[in-house]
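J.: Quick one: this structure, given as C-alpha cells, is what I'll be asking you about.
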Amino acid sequence: MRIFIQPIGDLEEDLIFALERGLAEIFNTQISILAPKTLTMSCFNPMRDQFNSTCLLRNLKPVWITLGVTDMDIYADRMNFVFGEAELNGSRAIVSVYRLRSMNSRVTEERLIKEAVHEVGHVLGLKHCKNHCVMRFSNSVAEVDMKPVEFCTECKKLLGF
Ligand SMILES: [Zn+2]
Ligand SMILES: [Zn+2]
C-alpha cells in the first residue's frame, strides 16, 4: 500500500509534512507528496461559496491511494459541509482543513491527521464505527477532538493490521 498526498491549492508546507508523518505512523507505509494541483474551479458553487467535495474527488488522478488536501470549504449532497469524502473501497479521498483550523497549529495538524486517517480508512473499505476509534463519524470539531487518531481493535482486524 502506498499513499499519495495531493495538495490542492495553497497549503502550508508544515501542515502537509505533519500530515505525511501522521499517516506514515498510523499506516506504517510509504507516503509521497505530489506537486500541488490547482483548484478545479468548475467544482465551485458560488451560491454556497463552497466547493463540491465529490467533484474535487473525481478530479483527482487515482494512483494507489490518493488523498487530496484542500484549504477550501467543501460540501457534499445533503450536507452543509464535510470534513472529507472518500470512495469506499476505492482509491481516492479528500480532506479539507478549512473547518479544522485552531489558533494552535498542533491542534490543527492533529485534527487534519484524524480526518485524513478516517477517509483513508473508508478507501480501505471501513465503514463508520461506534467504538473509541478514528472511524467514528464526526460532525463537529468537538467530535473530532474527542476521537483518537488510531483505529480500534475491530477496525484494525478488518484492515489486517
Ligand atoms: Zn466517514
Ligand atoms: Zn473502529
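J.: Here are 122, 128, 132: which of them is touching a residue at least 12 places away in the same chain (Cβ under 8 Å), surrounded by fewer than 19 Cβ atoms within 10 Å (Cβ to Cβ) and either in a strand (DSSP E or B) or on the phi < 0 side of the Ramachandran plot (or both)?
T.: 132
J.: Determine whether residue 84 is modelled with pLDDT of 95 or more, surrounded by 18 or more Cβ atoms within 10 Å (Cβ to Cβ) and within 14 Å of ligand 1 (Cβ to nearest atom).
T.: Criteria met by residue 84.
J.: Only one of 115, 110 is touching a helix residue (DSSP H, G or I) at 6+ places or on another chain (Cβ under 7 Å), touching a residue at least 24 places away in the same chain (Cβ under 8 Å), under 16 Å from residue 96 (Cα atoms) and acidic (Asp, Glu); which?
T.: Being touching a helix residue (DSSP H, G or I) at 6+ places or on another chain (Cβ under 7 Å), touching a residue at least 24 places away in the same chain (Cβ under 8 Å), under 16 Å from residue 96 (Cα atoms) and acidic (Asp, Glu) holds for just one of 115, 110, which is 115.
J.: Tell me whether region 49-72 contains one or more residues that are part of a loop (DSSP other than H, G, I, E, B), within 14 Å of ligand 1 (Cβ to nearest atom), in contact with a strand residue (DSSP E or B) (Cβ under 7 Å, 6 or more places away or on another chain) and farther than 22 Å from residue 151 by Cβ.
T.: No, every residue in region 49-72 fails to be part of a loop (DSSP other than H, G, I, E, B), within 14 Å of ligand 1 (Cβ to nearest atom), in contact with a strand residue (DSSP E or B) (Cβ under 7 Å, 6 or more places away or on another chain) and farther than 22 Å from residue 151 by Cβ.
J.: Between residues in region 138-161 that are farther than 16 Å from residue 127 by Cα and acidic (Asp, Glu) and residues that are more than 11 Å from ligand 2 (Cβ to nearest atom) and modelled with pLDDT under 95, which pairs lie under 7 Å by C-beta distance while being six or more apart or on different chains?
T.: Cβ pairs passing all conditions: none.
J.: Does residue 141 qualify as being at pLDDT 95 or above, away from ligand 2 (no atom under 16 Å from the Cβ) and more than 13 Å from the chain's Cα centre (by Cα)? So that I can check it myself, show each step before the final result.
T.: Values: at pLDDT 95 or above: yes; away from ligand 2 (no atom under 16 Å from the Cβ): yes; more than 13 Å from the chain's Cα centre (by Cα): yes.
In short, yes.
J.: Follow-up. Filter region 102-139 down to residues that are under 15 Å from residue 150 (Cβ atoms), within 14 Å of ligand 1 (Cβ to nearest atom) and of a type in the set (A, V, I, L, M), then give me how many there are.
T.: Count: 7.
The values are calculated or read from the model by the stated rules, or taken from the named source; none is laboratory data. Fair warning: this is a prediction, and the values are worked out from it, not measured in the lab. Every residue, glycine among them, receives a Cβ derived from its backbone with ideal geometry; neighbour counts consider all protein chains shown.
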